[in-house]
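So the structure is just underneath, and the comments pick up after that.
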Amino acid sequence: IFLRTDIYDQLQFFDKDKLRGDEEPILWSKEALSELVLARAKASTRNHQMSPTGFWSEYFPSKVNGVPTADFVLLQTLMRPRDIIQLCNLCVDITRREGHISVKDKHVTQAVDVYSSWKLNDLIGEYRINYPFLSDLLIIFSNTSYVIQRKRFKDVFAKVRPALEERYS
């Protein structure tokens with residue numbers, strides 16, 4: 001059985017402690033995720049001789065926003081296998097829709113926008129019961145940098161707080 005650690009940690013059942021010796025955590029490093037993507041690429045292209053360098057140079061641009069593409073793609077994910085696979089597949093899908101063979105940097109940035117939207121919706125859905133106001137609260141962060149000054153946050157939050165309190169007691 002494979003479970004994400006955060007889910008497994010929340011499970012409560014009799015004698016859970018007795019299973020500790022049988023647990024095997026899988027820790028995904030940057031290198032392991034890169035190997036996973038390469039293995040998937042080899043299987044889908046049927047090119048079993050492909051090297052990591054060959055994959056990223058033949059099918060993807062060498063850099064996106066000045067960062068090596070492999071690093072850029074990994075930085076956009078939560079370092080989970082399905083995330084990087086989803087993002088790489090999305091890059092390829094966008095590329096094919098535009099009639100290209102190899103992914104260009106614009107395809108990667110377009111894919112990141114779509115992928116980010118997916119992840120935001122997943123987050124809102126996952127926490128909908130405990131935090132029904134989350135989607136309304138996240139509007140504060142729309143069209144801003146991922147870093148927001150505390151004063152700016154307080155000012156914007158002060159504007160939306162009355163509406164949030166009225167809607168969500």
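The values are calculated or read from the model by the stated rules, or taken from the named source; none is laboratory data. Model, not experiment: these values are computed from the prediction. Note: ideal-geometry Cβ built from the backbone for every residue, glycine included; neighbour counts use all protein chains shown. The accessibility values were calculated without ligands, DNA or RNA, using every heavy atom of the protein model including side chains. Shrake-Rupley method; radii C 1.70, N 1.55, O 1.52, S 1.80 Å.
Can you tell me which lysines have their Cα less than 29 Å from the Cα of K154? Leave out same-chain residues fewer than eight positions away.
Once the sequence-local lysines are set aside, what remains near K154 is K119.
Tell me the relative contact order for region 1-81 as a rounded percent, counting alpha carbon contacts under 8 Å between residues six or more apart.
Dividing the mean separation by the residue count of region 1-81 yields 29 percent.
GNM on the chain, C-alpha springs below 10 Å: top fluctuator among I85, I129, I101?
Most flexible of the set in this elastic network: I129.
Mean separation of Cα pairs under 8 Å and 6+ residues apart, divided by the residue count of the chain: what relative contact order is that in percent?
Details: 96 pairs, mean separation 24.6, N = 169.
It rounds to 15 percent for the chain.
Between I94, I124, I139, where does the largest GNM mean-square fluctuation fall for the chain, given springs only between Cα atoms within less than 10 Å?
Per the Cα network of the chain with a 10 Å cutoff, I139 tops the list.
With every protein chain kept in the model, how would you rank M79, M50 by accessible area, 1.4 Å probe, largest at the top? Mind showing how you got there, number by number?
Numbers: M79 70, M50 10 Å².
Of M79, M50, the descending order of accessible area is M79, M50.
About its Cα centre, what dipole magnitude does the chain give when the only charges are +1 on Lys and Arg Cβ and -1 on Asp and Glu Cβ, stated in debye to the nearest 20?
Details: 24 positive and 22 negative charges, 110 e Å.
Here the chain has a charge dipole of around 540 debye.
Quick one: Kirkwood hydrodynamic radius for region 69-118, alpha-carbon pairs, angstrom, one decimal? Please list the in-between numbers first.
Values: mean 1/r = 0.0935 Å⁻¹.
Hydrodynamic radius (Kirkwood, Cα only) of region 69-118 equals 10.7 Å.
What order do H48, H107 take when sorted by accessible area (1.4 Å probe), most exposed first?
Ranked from most to least accessible, the order is H48, H107.
Calculate one ³J(HN,Hα) per residue across region 98-114 by plugging θ = phi - 60° into the Karplus curve 6.51 cos²θ - 1.76 cosθ + 1.60, and present them in order as whole Hz with x for glycine and proline.
Residue by residue, region 98-114 yields 8, x, 9, 9, 10, 6, 9, 4, 5, 5, 5, 5, 5, 5, 4, 4, 5 Hz.
Just to make sure I understand: if all protein chains stay in place, what is the order of D6, D17 by accessible area at 1.4 Å, largest first? Can you show the working numbers first?
Values: D6 80, D17 115 Å².
Output order, biggest surface exposure first: D17, D6.
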